[in-house]
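Single-structure report; data block below.
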Amino acid sequence: MSTLSDLDRTRLRWRARRGLLENDLIITRFLDAHEQTLTNADVAALTQLFEEGDNDLMDLLLGRTEPEGKLDTPPVRDVLRRLRET
């Protein structure tokens, strides 16, 4: 179950806004489908992904690249898998 307040959800959606429309569309579709069930670990993983540059994030979302370094964690991989499936 989600532990996100309305304010937390608003902040997450604001943070999710990207410079590339394609990223926005993928992330918004994911949040529309999963926002109510995101865990704190999911939000932390999304936050890590949102720290990536737009082109790097696009490559991750489209499966052109896989998470490396600090992004190569089970929570990030799980959220990334769900983003790709949505």
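No lab work stands behind these numbers, since they all come straight from the coordinates. Everything numeric in this text was worked out from a predicted model, so none of it was measured. All Cβ positions, glycine included, derive from the backbone under ideal geometry; neighbour counts span all protein chains shown.
A simple spin-label model places the labels of Asp8 and Ala33 2.2 nm from each other, with each point 7 Å out along Cα-to-Cβ. Per-residue Cβ neighbour counts within 10 Å put Phe50, Phe30 in the sequence Phe50, Phe30, beginning with the fewest. Between the Cα long axis of helix 40-50 and the first principal axis of the chain there is an angle of about 40°, rounded to the nearest 10. Here the relative contact order of the stretch 6-85, from alpha carbon pairs under 8 Å that lie six or more residues apart, stands at 32 percent.
Note on Arg81 and Arg15: their simple-model spin labels are 2.3 nm apart, each label 7 Å out from Cα toward Cβ. In the stretch 14-51, which trypsin sites (Lys or Arg not before Pro) fall in coil by DSSP and have 12 or fewer other Cβ atoms within 10 Å? Filter output for the stretch 14-51: Arg17.
Over all projection directions, the Cα-based convex hull of the chain averages an area of 5.0 nm².
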